[in-house]
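The values are calculated or read from the model by the stated rules, or taken from the named source; none is laboratory data. None of the values given here were measured: they were computed from a predicted structure. In this analysis, Cβ positions are derived from the backbone assuming ideal geometry, glycine residues included, and neighbour counts consider all displayed protein chains. With ligands, DNA and RNA removed, areas are computed over all heavy atoms of the protein, side chains included. Shrake-Rupley method; radii C 1.70, N 1.55, O 1.52, S 1.80 Å.
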Number of protein chains: 2
Amino acid sequence: MACSIARTWSVIGEAWTPLILRDLTLGLRRFDEIKTDLGVAPNILSDRLRRLEQEGVVERRPYSDGGRTHHEYHLTDAGEELVPVLVVLTGWGDRWLADQGPPAIFAHSTCGHRAVSGVVVCSECGSPITLHDTRALPGPGEARGPGTNLIARAERARTSEP
Amino acid sequence: MACSIARTWSVIGEAWTPLILRDLTLGLRRFDEIKTDLGVAPNILSDRLRRLEQEGVVERRPYSDGGRTHHEYHLTDAGEELVPVLVVLTGWGDRWLADQGPPAIFAHSTCGHRAVSGVVVCSECGSPITLHDTRALPGPGEARGPGTNLIARAERARTSEP
């Protein structure tokens, strides 16, 4: 499907996968730790980690524990670049689905503030990106097919709006 | 689960849902348009739209077409705030999963640039949020249970790192 949302979803969209990535960002790196944290079945966790490894998001690193070799799971560069995705997912849930307040808050060492949130801003002007000031246009990798049967037309229609 | 990622996932994480939201942001508002664009089975699309309506992300608005009443689907305020989520999902896919170039590019009317991307920055200092400068700490809505059995401990460990 010629859509970067669909493709990203194909990597991170399975049940448990965002929470596995969350745990890796929080420093849980061992299979048993993640299993215990999430309460997920080992075969599912194993499947998801293998998939993330195949997709280049996670890598296994061996470590020795009393003579036996185990593995820790680490984020690759591609995996680390999913952190902002997790931050904005968190922000939406904090805002709309957290009656008791946010389950977690973020501290930002760059500025020293606590309880920061992630704001999605334009790479060019730095002001926030919203529905109303952003338009999608056909890109070089555009292709029509299931998932994008009409979309190019809609993108062109939006372009010509006032 | 006391996790804003898990909760957000419970709203948008089902198959097809991100693409339905994408289509709504692009101006496809009618059931048949979305069905045609995605090539999705009508019962699945119907189920997903109903779910999004229940969750307060989408609202139906009636319109008249030759005497018959139909419905269009519109994003609510909560739904519009998912647009930045879609933008960062797009950005990751554009960067890691688009050998032929991005399928779509964004134009930002605020600054007039084309081919902008969404950067996730700190709400306080405006600099980009990355794995290495951000720490999660327990928040007011924290609760231990499946999905967060170990996480508070990990958050506290990260807090005490140098």
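Under 1.5 on a/c is rounded, so check that first for segment A:1-80, then, if it is not, pick prolate when a/b is larger than b/c and oblate when it is not; a ≥ b ≥ c are the square roots of the alpha carbon gyration tensor eigenvalues.
The shape class here is prolate.
When the scattering of the protein assembly as shown is computed by the Debye formula from its Cα atoms alone, each counted once and equally, what is log10 I(q)/I(0) at q = 0.10, 0.13, 0.15 Å⁻¹?
-0.58, -0.98, -1.28
List the distances, in nm to one decimal, from the label point of A:Gln54 to the label points of the same position in every other copy, shortest first, placing each label point 7 Å from Cα along the Cα-to-Cβ direction.
3.2
At B:Asp32, with labels set 7 Å past Cα in the Cβ direction, how many nm apart are the copies from this one, shortest first?
6.0
Using the Kirkwood formula on the Cα atoms of segment A:65-152, what hydrodynamic radius do you get, in angstrom to one decimal?
17.4
Measuring label to label, 7 Å along Cα→Cβ, what does A:Leu137 give against each other copy in nm, shortest first?
4.4
Using only protein heavy atoms and a 1.4 Å probe, how much accessible area in total is buried between A and B, to the nearest 100 Å²?
So the buried area, both faces added, is about 8500 Å².
Average partner chain C-beta neighbours within 10 Å, per residue of A:28-35?
2
How would you classify segment B:71-115 from its alpha-carbon gyration tensor, with a ≥ b ≥ c the square roots of the eigenvalues: rounded for a/c under 1.5, else prolate if a/b is greater than b/c, otherwise oblate?
Prolate is the answer for segment B:71-115, as a/c is 1.5 or above and a/b outweighs b/c.
Nearest 10 degrees, 0 to 90: what angle lies between the long axis of helix B:83-96 and the longest principal axis of chain B (Cα atoms)?
Result, in degrees: 80.
Ignoring ligands, DNA and RNA, what percent of the 1.4 Å accessible area of segment B:19-69 is carbon and sulfur?
On the way: 1030 of 2580 Å².
Ligands and nucleic acids excluded, carbon and sulfur give 40 percent.
Whole angstrom only: what separates the Cα centroid of segment A:41-85 from the Cα centroid of segment B:110-142?
25
Tell me, rounded to the nearest percent, the portion of alpha carbon pairs in chain B spaced more than 26 Å apart. Could the numbers behind the result be given before it?
Details: 5883 of 13041 pairs.
Taking all Cα-Cα pairs of chain B, the fraction more than 26 Å apart is 45 percent.
Once you average over the residues of A:42-54, how many Cβ atoms of partner chains fall within 10 Å of each Cβ?
Details: counts 0, 0, 0, 0, 0, 0, 0, 0, 0, 0, 0, 0, 0.
Going residue by residue through A:42-54 and averaging, the value is 0.
How much accessible area per residue does segment B:1-142 have, counting only protein heavy atoms and a probe of 1.4 Å, in square angstrom?
43
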